[in-house]
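Asks: Input: one structure, supplied below.
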Amino acid sequence: MKSCKFILLLIIAFLIISCDGLKMRNIFETSVRAKYERSFSGSDSLMKNWKAEFSEAANNKLKITDGFVSTVPVIKSTPALGYSLELKKGDLLIVETIKDDPESKIFVDIKDESIISEKFQSNVITNQKIETFIENNGWHKVIIQPEINYRGTFQIKIYTQPSLAFPVAGKGNNNVQSFWGASRDGGGRSHEGIDIFAPRGTPVVAIADGFITRTGDQGLGGKQVWLRDGILGNSYYYAHLDSILTENGKRVKKGDTLGLVGNTGNAAGGPAHLHFGIYTSGGAVDPYPFVRIRTVPKHNKISETKIYSEKYIKAGTNLRAGPGSKYETLSNITEETLVDILLVNESWYHVKTLDGAEGFVIAERLE
């Protein structure tokens, strides 16, 4: 009898938690967004609108590219800004904000759109930025949303950086002259790495903290070093070395010298270079996004005279999927229409009509 009562109580508890109208439905969720929703003590209508804004941002068709810099005016209501951008495995995605009130919360939610069942990873920006390692090639959705009742402007930057250090000391992108997938042996195989050309004797360095699993002089790679990291569990392959300056089992720090550039193995007689490869549990992957050096975009503060809460857009204006004429047209505004200004990106504005249509318009179409 007691066991029946216990089962009945479990069923009742499950029904309560499953009820859409109660905050208890998220009781077992641990994301920062879910915690914020549970702890919010304001009106239910404010929370309902906040969540609706997020849902609209998650389902829009807006796109941006790496290096997106903009200003967000939050004057009337709390928007959610959702954008898709194409990323590579090995990119380190960074979302950075500058705001007047350091205590205010800005949520950043990220989702790999190639995985249908994937849920958004929810974060709150601390110390002005968050960093996310990208595990798959493809489109990723980024949603930025201030907390309820946030007012004021803030700047955002969405950009990538390499997740690993560059493997040849003092060198960079211009030294990479043979890339992933290039034909080898007359088409008999493809290149599983990148070749970084540098003078013989240039140091090659650990791209991350880890330990040396193997060294030796054999096969196509000649003198080689294998480094394994302690976080992702990847193996990093350094080949064609002139000399090896580390040993099996040694723990190394990022930047430690592992050997010197050479042309051993099947590179004998050719120009000195480092063959660098990355091997994951799923096999070899393109190492270039992991190490490609890129410039951090600068904040471009928008003049206060260009920041509005709302404007009219002219009849015949196209709402585009991104900040530029190269992006597809999502809809055409056939008559003068009042819109909310959600974001300013140089001469392009992310706007939203009263009926919920979103898109980018160039400044000349506003009045």
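Asks: Please give the contour-minus-distance gain from GLN161 to SER309: 0.36 nm per residue of separation, less the Cα-Cα distance, rounded to one decimal in nm. Write down the numbers at each step before the final one.
Replies: Values: separation 148, 0.36 × 148 = 53.28 nm, distance 3.27 nm.
That works out to 50.0 nm of additional length.
Asks: With the contact rule set at Cα under 8 Å and sequence spacing of 6 or more, what percent relative contact order holds for the chain?
Replies: Values: 860 pairs, mean separation 55.0, N = 367.
That works out to 15 percent.
Asks: Roughly what angle does helix 44-59 make with the longest principal axis of the chain, taking Cα atoms, 0 to 90 degrees, to the nearest 10?
Replies: 40
Asks: Can you compute the modelled spin-label distance between VAL32 and SER325, with each label point 7 Å from Cα toward Cβ, in nm?
Replies: 4.0
Asks: For GLU367, GLU335, GLU53, give the ranking by accessible area with the largest first, probe 1.4 Å. Provide the component values of the computation, followed by the final result.
Replies: Values: GLU367 90, GLU335 120, GLU53 45 Å².
Result of the area sort, largest leading: GLU335, GLU367, GLU53.
Asks: Under a Cβ-only charge scheme (Lys and Arg +1, Asp and Glu -1), can you give me the dipole magnitude of the chain about the Cα centre, in debye to the nearest 20? Could the numbers behind the result be given before it?
Replies: Details: 44 positive and 41 negative charges, 149 e Å.
For this selection, approximately 720 debye.
Asks: What list of ³J(HN,Hα) couplings, whole Hz, do you get for the stretch 72-86 from phi and the Karplus terms 6.51, -1.76, 1.60, once you set θ to phi - 60° and write x for glycine and proline?
Replies: 3J(HN,Hα) across the stretch 72-86, in whole Hz: 10, x, 10, 10, 9, 9, 9, x, 10, 10, x, 9, 9, 9, 8.
Asks: What does the accessible area of ASP101 come to, in Å² to the nearest 10, when a probe of 1.4 Å is used?
Replies: Approximately 80 Å² of ASP101 is accessible to the 1.4 Å probe.
Asks: Taking θ as phi - 60°, what are the ³J(HN,Hα) couplings along the stretch 193-198 by the Karplus curve (6.51, -1.76, 1.60), each to the nearest whole Hz, with x for Gly and Pro?
Replies: Once rounded to whole Hz, the list reads x, 10, 10, 10, 8, 7.
Asks: For the stretch 186-239, what does the accessible surface come to per residue with a 1.4 Å probe? Please give it in Å².
Replies: On the way: 2250 Å² over 54 residues.
Value for the stretch 186-239: 42 Å² per residue.
Asks: Based on Cβ point charges of +1 for Lys and Arg and -1 for Asp and Glu, what charge dipole magnitude is obtained for the stretch 277-357 about its Cα centre, in debye rounded to the nearest 20? Don't jump to the answer; show the numbers that get you there.
Replies: Values: 10 positive and 9 negative charges, 91 e Å.
I would put it at about 440 debye.
Asks: Now, a different point. For labels at ILE98 and ASN149 in the simple 7 Å Cα→Cβ model, what's the distance in nm?
Replies: Result for the modelled spin labels: 2.8 nm.
Asks: As a test of understanding, state the convex hull volume per residue of the stretch 123-236 from its alpha carbons, in Å³. Don't skip to the end; give the middle numbers.
Replies: Values: hull volume 20.5 nm³, N = 114.
Considering the Cα atoms of the stretch 123-236, their hull volume per residue is 180 Å³.
Asks: Taking the Cα of ILE75, stepping 7 Å toward and past its beta carbon, and measuring to each backbone N in the stretch 128-162: which are under 15 Å?
Replies: Once the point is set 7 Å along Cα→Cβ of ILE75, 151-154 turn out to lie under 15 Å by backbone N, inside the stretch 128-162.
Asks: Another question, if that's okay. Report the gain in length on full extension from LYS119 to LYS301: 0.36 nm times residue separation, minus Cα-Cα distance, nm rounded to one decimal. Show your work: numbers first, answer last.
Replies: Numbers: separation 182, 0.36 × 182 = 65.52 nm, distance 3.29 nm.
My answer for the length gained is 62.2 nm.
Asks: Oh, and also: Angle between the Cα long axis of helix 2-18 and the longest principal axis of the chain, 0 to 90 degrees, nearest 10?
Replies: 80
Asks: Nearest 500 deg cm²/dmol is fine: what mean residue ellipticity at 222 nm does the chain get from its DSSP H runs of n ≥ 4 alone, each adding -39,500 (n - 2.57), divided by its residue count? Present the calculation step by step, with values, prior to reporting the outcome.
Replies: Numbers: 4 runs with 45 residues, N = 367.
Helices in the chain give a 222 nm mean residue ellipticity of -3500 deg cm²/dmol.
Asks: Another question about this same structure. Mind computing the radius of gyration and Dmax over the alpha-carbon atoms of the chain? Å is fine for both.
Replies: That works out to 25.8, 85 Å for Rg and Dmax.
Asks: Please go through the stretch 235-291 and write out the trypsin sites (Lys or Arg not before Pro) that DSSP classes as loop and that have at most 11 other C-beta atoms within 10 Å.
Replies: Here the trypsin sites (Lys or Arg not before Pro) that fit, given the DSSP loop and packing criteria, are LYS253.
The values are calculated or read from the model by the stated rules, or taken from the named source; none is laboratory data. No experiment lies behind these values; they were computed from the predicted model shown. Ideal geometry is used to build each Cβ from the backbone, glycine not excepted, and the neighbour counts take in all protein chains shown. The protein model used for the area step is the full one, side chains on, heavy atoms only, and it has no ligands, DNA or RNA in it. Shrake-Rupley method; radii C 1.70, N 1.55, O 1.52, S 1.80 Å.
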